[in-house]
1. Here is a check on your reading of the model: is Ile37 assigned to a strand (DSSP E or B), free of Cβ contacts under 8 Å to residues at least 40 places away in the same chain and closer than 18 Å to Ser213 by Cβ?
2. Tell me whether region 162-185 contains one or more residues that are on the phi > 0 side of the Ramachandran plot and of a type outside the set (Ser, Thr, Tyr).
3. Out of the residues in region 16-42 that are among the hydrophobic types (A, V, I, L, M, F, W, C) and open to solvent by less than 20 Å² (accessible area, probe 1.4 Å), state the one that is farthest from Asn96 (Cα to Cα).
4. In region 170-213, which residues are in contact with a Gly (Cβ under 7 Å, 6 or more places away or on another chain) and in contact (Cβ under 8 Å) with a residue 24 or more places away in the chain?
5. Considering only helices (runs of 4 or more DSSP H) fully contained in region 159-262, which possess at least 3 residues that are open to solvent by 40 Å² or more (accessible area, probe 1.4 Å) and not hydrophobic (A, V, I, L, M, F, W, C)?
6. Do we find a residue being under 14 Å from the mean Cα position of the chain (by Cα) and open to solvent by less than 10 Å² (accessible area, probe 1.4 Å) anywhere in region 43-54?
7. Grab the strands (runs of 3 or more DSSP E) fully contained in region 64-149, keeping just those with 2 or more residues being surrounded by fewer than 21 Cβ atoms within 10 Å (Cβ to Cβ).
8. Which pairs turn up if I take residues in region 230-246 that are within 13 Å of Tyr45 (Cα to Cα) and look for partners that are part of a loop (DSSP other than H, G, I, E, B) and among the β-branched types (Val, Ile, Thr) with beta carbon separation below 7 Å, at least 6 apart in sequence or on another chain?
Amino acid sequence: MKNQLIIFSKNRSCQLHLLLESISKNSNNLFDYISVIYKFTDDEYRKGYKKIQNHFPTINFILEGTFYEDTIEAIKVDCEFTTFMVDDIIFYRKLNTSKEKIYSMFDINKPISCFSLRLGLNSNYSHPANMSYELGKHEKLGEFIKVNIREQKGDLTYPLSVDGHIFKTDLIKESLKNIGKFNNPNIFESNLQSLLPKINDYMVFLEESVIVSVPVNLVNETFKNRHGLEFYMSEEHLNNRYMSGDVISYYDLDLGGINGPHKEIEYKFKKYSDEPS
């Protein structure tokens, strides 16, 4: 069985570099294929993406033409599982389980709607909603947690996320037939929510999450999500740092106290070699 990862990126090659580096360090070979659908608004951001492609030559970079069609075409039918992410995510700790065990969760007991990499027993705060919540009734399945999304609160009620949820590819293919067209990741995720009443009640996740989104800036024009309240850093500034030879230093980040799918983290930088990783 294979799992494909599709990453959506706009003007944020510096943050994307950190995501790809952290996947290499921590994902335990969870993804068999990685594609990046990327978009830029001016030539300086284009240069950033050219640079990152040189550094990660095994990644499939797709310059966005029509977002809806690009997303459909990026989904490989020979991969049983599909995962989406956006470019401000960090794979912040090591995945200490096998992908085979994760895949088995889709078949044991009752079928599930998804497997979440962004949720865990540590999840109790929604940064976008500025809301605290507690885990409700749940079942422990060895090293995993299973919940009924209809009985939960906050992020635990939100299985159709494009921020690090593993889906059966068949579900995604079928969903794309029923949600209408979309022109960016935010509308894609928003449209998916129309299917919420129809999907399976159950979601599984790790005892502790392994990814977190870092909302220090905002590149979408659709939803004005909370961002940069503590450690704002514009995509322009980050791109300038990236083009000057800096990258965000994974080992210098404070990755403690992750309490939900989103958390602001202060970026620290280091110089890096242009040799491919």
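The values are calculated or read from the model by the stated rules, or taken from the named source; none is laboratory data. Keep in mind the model is a prediction, meaning the values are calculated, not measured. Positions of Cβ are generated from backbone atoms using ideal geometry, with glycine treated the same way; all protein chains shown enter the neighbour counts. Protein only, heavy atoms only, side chains kept; ligands, DNA and RNA dropped before computing areas. Shrake-Rupley method; radii C 1.70, N 1.55, O 1.52, S 1.80 Å.
1. yes
2. Yes, because at least one residue in region 162-185 is on the phi > 0 side of the Ramachandran plot and of a type outside the set (Ser, Thr, Tyr).
3. Once the filter is applied, the top-ranked residue is Ile37.
4. Residues satisfying the conditions are Phe205, Leu206, Glu207, Glu208, Ser209, Ile211.
5. 169-176, 235-243
6. no
7. 138-141, 144-148
8. Sorted first by the residue in region 230-246, then by its partner, the pairs are Glu235/Val219.
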